[in-house]
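Colleague: Before I ask anything, let me first share the structure, which is written out below as structure tokens.
The values are calculated or read from the model by the stated rules, or taken from the named source; none is laboratory data. Just so you know, these numbers come straight off a predicted model, no measurement behind them. Positions of Cβ are generated from backbone atoms using ideal geometry, with glycine treated the same way; all protein chains shown enter the neighbour counts. Just so you know, the surface numbers come from the protein's heavy atoms only, side chains and all, with ligands and any DNA or RNA stripped out. Shrake-Rupley method; radii C 1.70, N 1.55, O 1.52, S 1.80 Å.
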Amino acid sequence: HVRVPIKHGALAGVITMSVNTLILLSLLGGTDPDGVIRRAVLWVPGALLFGAVLGAFGAWLGARQPRAVLDRSSWNGVFAAGLAGATFCMMAIGGLVTSNEAGMAVPDWPRTFGSNMFLCPLSRMTGGIYYEHAHRLFGVLVGLTTLTLCVRLLLTEPRRWLKLLSAVALVLVSVQGVMGGLRVTKASLLLAVLHGVAGELFLALIV
């Protein structure tokens with residue numbers, strides 16, 4: 001039976017809002033790095049508190065509903081399906097990068113125009129930069145989701161071949177990310193081709 005404790009709901013809210021604050025600070029910071037810090041002092045604690053309250057409320061609300069039966073393997077399947085969906089979106093954005101010839105719109109990696117990738121001002125995301133930077137952010141999402149799924153399968157999945165497959169997926173997505181970055185810094189057409197092919201192989205593996 002599945003019932004999420006209120007404290008776990010609050011923790012999930014804090015984690016989710018921590019990611020959301022990166023977007024918030026990118027919007028608030030503009031081109032003023034000091035402005036990001038000043039605004040962070042005001043916005044981040046309140047945002048985290050709001051996330052904790054919202055997550056705790058969701059857990060409390062769920063606890064009042066009839067219990068649903070869902071075993072661990074079912075949750076693994078749901079998580080893998082979510083990863084497949086995120087990967088598909090990432091590849092679609094990658095297609096936009098290629099079709100709009102925006103592969104070199106951002107000249108550096110892993111930073112973005114010298115800024116932290118996650119705090120790059122959204123005001124700079126115009127034209128080809130928008131496609132390229134969005135592709136990077138989705139790549140990070142897919143990488144972290146793959147890592148989480150791999151750890152989860154190693155801890156809960158009894159089938160050894162599936163554990164091995166999750167480890168292969170983690171290695172492949174890591175190599176894929178590095179190839180994407182080197183494609184920018186080395187301006188290599190070969191790496192661009194390998195990067196695209198590896199993305200399709202990764203999606204097939206996750207499915």
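Colleague: Output the number of the condition that Arg160 fails; it satisfies all remaining conditions of (1) of a type in the set (D, E, K, R); (2) open to solvent by 70 Å² or more (accessible area, probe 1.4 Å); (3) touching a residue at least 12 places away in the same chain (Cβ under 8 Å).
Modeller: So Arg160 meets the others, but not (3).
Colleague: Could you list, in sequence order, all residues of the range 81-101 that are without any contact (Cβ under 8 Å) to a residue 40 or more places away in the chain, open to solvent by 50 Å² or more (accessible area, probe 1.4 Å) and outside any loop (DSSP other than H, G, I, E, B)? Before you say what the answer is, go through the steps one by one.
Modeller: First, the residues of the range 81-101 that are without any contact (Cβ under 8 Å) to a residue 40 or more places away in the chain: 81, 85, 92, 95-97, 99-101.
If we keep only those that are open to solvent by 50 Å² or more (accessible area, probe 1.4 Å) as well, we get 81, 92, 96, 99-101.
Hits for the range 81-101 are Ala81, Ala92, Leu96, Ser99.
Colleague: While we're looking at this one, here's another question. Identify, please: which residue in the range 58-101 is under 30 Å from Ile129 (Cα atoms) and of a type in the set (Val, Ile, Thr) and is, among those, modelled with the lowest pLDDT?
Modeller: Thr98
Colleague: Please go through the range 117-132 and pick out each residue that is over 16 Å from Val19 (Cβ atoms) and open to solvent by less than 40 Å² (accessible area, probe 1.4 Å). First the steps, then the outcome.
Modeller: In the first step, residues of the range 117-132 are kept if they are over 16 Å from Val19 (Cβ atoms); the result is 121, 123-132.
Hits for the range 117-132 are Pro121, Met125, Gly128, Ile129, Glu132.
Colleague: Against the condition in contact (Cβ under 8 Å) with a residue 24 or more places away in the chain, farther than 23 Å from Phe202 by Cβ and loosely packed, with under 13 Cβ neighbours inside 10 Å, how does Gly114 come out, does it pass?
Modeller: Working: in contact (Cβ under 8 Å) with a residue 24 or more places away in the chain: no; farther than 23 Å from Phe202 by Cβ: yes; loosely packed, with under 13 Cβ neighbours inside 10 Å: yes.
So Gly114 fails the test.
Colleague: Return only the number of the condition from (1) touching a Ser or Thr at 6+ places or on another chain (Cβ under 9 Å); (2) farther than 27 Å from Phe79 by Cα that Val173 does not satisfy.
Modeller: (2)
Colleague: Could you tell me whether Leu137 is surrounded by fewer than 16 Cβ atoms within 10 Å (Cβ to Cβ) and part of a helix (DSSP H, G or I)?
Modeller: Working: surrounded by fewer than 16 Cβ atoms within 10 Å (Cβ to Cβ): no; part of a helix (DSSP H, G or I): yes.
No, not satisfied.
Colleague: Taking the options Leu201, Leu170, name whichever one is in contact with a helix residue (DSSP H, G or I) (Cβ under 8 Å, 6 or more places away or on another chain) and open to solvent by 80 Å² or more (accessible area, probe 1.4 Å). First the steps, then the outcome.
Modeller: Working: Leu170 fails: open to solvent by 80 Å² or more (accessible area, probe 1.4 Å).
Residue meeting the stated conditions: Leu201.
Colleague: Which condition number does Val184 fail, the rest of (1) modelled with pLDDT of 90 or more; (2) surrounded by 15 or more Cβ atoms within 10 Å (Cβ to Cβ) being met?
Modeller: Only one criterion in (1) modelled with pLDDT of 90 or more; (2) surrounded by 15 or more Cβ atoms within 10 Å (Cβ to Cβ) is unmet by Val184, namely (1).
Colleague: So, in the range 117-171, of the ones that are under 16 Å from Leu203 (Cα atoms) and among the β-branched types (Val, Ile, Thr), which residue ends up farthest from the chain's Cα centre (by Cα)?
Modeller: Val168
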